[in-house]
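Every number in this text was worked out from the coordinates using simple rules, so none of it is lab data. Note that the structure is a prediction, hence the values are computed from the model and not measured. Heads up, the Cβs are rebuilt from the backbone with ideal geometry, glycines too, and the neighbour counts pull from every protein chain shown.
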Amino acid sequence: MGNLKAAWRQLARYPSAVIGMVLILGLVGIALYAVIAIPYPEAIRLWRGGEEVWGENPRTAQPVWTQLFSRTRQPQTLVLRSSDPSARKTVQEVTADTRLVTISYAFDYPYDGFPQEITVFFDASYREKLPFASMSWKTPDGRTIRLGQTTVRRAETYRLAQDTTLVRRLGGVAPQEALFADPAAATAKALRGRYEFVIEGSTFEPGSTLDAKVVIYGQVHGLAGTDYQRRDLMVGLLWGTPIALSFGLLAALGTSVVTMLIAAFGVWFGGWVDQLIQRITEVNMVLPFLPILIMVGIFYSRSIWVILTVVIALSIFGAAIKTYRAIFLQVKEAPYIEAARAYGASDGRIIVRYLVPRIVPVLIPTLISGIPTFVFLEASLALLGLGDPVLPTWGKMIDDARSQGALFNGQYYWMLEPAALLMVAGLAFAMVGFALDRIFNPRLREV
């Protein structure tokens, strides 16, 4: 233990190790924040949710920070509700059964770019007779544009871009562009100022109600952007961190520790035990590692924990067992081992208290350096379509971006964000592992 404490003190002498430790602590902090801020059931609900969860998010919107590198100010999503202070809702009784509902949403638009789309989410209550609604649009320069009209069911969604009659009336221009365009500009340009969206509805039954929410989808959203399913990528980036660290740490720890113990038992007991371990190792070394994982993912389960179990099972009888065996053969002949035998120490005590501690300095750098190997393995399996179907992981995000042509469509953030976190994780553990290797291996100290 004294050697380990001295080794940790020596880490401070290596700037790369200090940087690596800072990065690792940062990743651990992100992982803890993700687990606390977004509990596991909530993370699964958000990641697997559809329009009912992410209905107010734009599709494939860039992160907000990309505006730092652009001269054009792109719009963020605007959600207009009748309960907003700037909105006005009036209900006028025309007859005993008929009521006129007027909802006016006033909002400022200080952006240069056009929004992605405009959608109205109606919410109505009635027994038999459906309410009716017509919409209009008022621009900052005083123009009033008549929009569509529709009967309203209990949960009606009206997308302006899908109203072919409205598109023809606007000259074939998409409504999200025509409604915000500056008519005096020579080129397509958004007109800044205060707009007003007006809904005039009628209900035809006593007690019938009509309400609506207007969503003007922006071009940028949040710190991480969104994907093609409107999901906030920040959920995947945050929760991908504890999953990646857990997978890498458990795989590296399980593989290294179990391999070391098996090698120690084989060397100590010798005979048929050692021969059996060596034959199993030699057979396992010729087995195709990646094809077996692919077969498990295709024919059995793509669960990340099943894959983790198979990875550990295939790795414990790897080439490292022969390296540990060679070291244990030397340690076995040490005088203090003979002394332990002389005073009657049990086999288990000798293995755990005298053999294994001698190899811990070799194990620690291997363990630390092995973590990013398994993190990248999980990402590689996800790129092959074998990622966990439930959990949000970095590899799954990269696979989704690849399958949707993110790079070809200019959505670089979608692929670069999880890829950057993968590289940071790999670099952090590699720097610490290399420094530990130089500390525990005297031959590398002058390299």
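Rounded to the nearest 500 deg cm²/dmol, what is the calculated helix-only ellipticity per residue at 222 nm for the chain, with -39500 (n - 2.57) per DSSP H run of length n ≥ 4? It lands at -16000 deg cm²/dmol. Dipole magnitude for the stretch 66-217: about 240 debye, using +1 per Lys or Arg Cβ and -1 per Asp or Glu Cβ, origin at the Cα centre. Peptides 78-86, 269-277, 194-202 ordered by packing proxy, namely the average of other Cβ atoms within 10 Å per residue, highest first: 194-202, 78-86, 269-277. Across the alpha-carbon set of the stretch 66-217, the Rg to Rh ratio works out to 1.01, Rh being the Kirkwood radius. The phi torsions of the stretch 116-133, fed into the Karplus equation with coefficients 6.51, -1.76 and 1.60 and a -60° offset, translate into couplings of 6, 6, 10, 9, 10, 9, 8, 9, 10, 10, 6, 9, 10, 8, 6, x, 10, 9 Hz, rounded to whole numbers, with Gly and Pro shown as x. For the stretch 132-187, the dipole from Cβ point charges (+1 on Lys and Arg, -1 on Asp and Glu) about the Cα centre works out to 280 debye, to the nearest 20. For q = 0.13 Å⁻¹, what log10 I(q)/I(0) does the chain give under the Debye formula with an equal point scatterer on each alpha carbon and no solvent? Computed log10 I(q)/I(0) values: -1.17. Altogether, the Stokes-Einstein calculation at 4 °C and 1.567 mPa s, with the Kirkwood radius of the stretch 210-325 over Cα pairs as Rh, returns a diffusion coefficient of 73 µm²/s. Annotation: the antiparallel percentage among DSSP beta bridges lying fully within the chain is about 95.
Dipole of the chain computed with +1 at Lys/Arg Cβ and -1 at Asp/Glu Cβ about the Cα centre; of Leu68, Gln149, Trp268, farthest Cα towards the positive end is Trp268. Relative to the Cα centre, the charge distribution of the chain, modelled as +1 at Lys and Arg Cβ and -1 at Asp and Glu Cβ, gives a dipole magnitude of about 940 debye. Given in Å, the Rg to one decimal and the Dmax to the nearest whole number for the Cα atoms of the stretch 1-130 are 26.4, 90. Could you work out how far helix 356-383 tilts from the main Cα principal axis of the chain, as a 0 to 90 degree angle to the nearest 10? Taking the Cα atoms of the chain, the angle to 356-383 is about 30 degrees. In this structure, the pairs whose alpha-carbon distance is over 30 Å, taken from Lys89/Lys129; Lys129/Lys213; Lys189/Lys396, are Lys189/Lys396.
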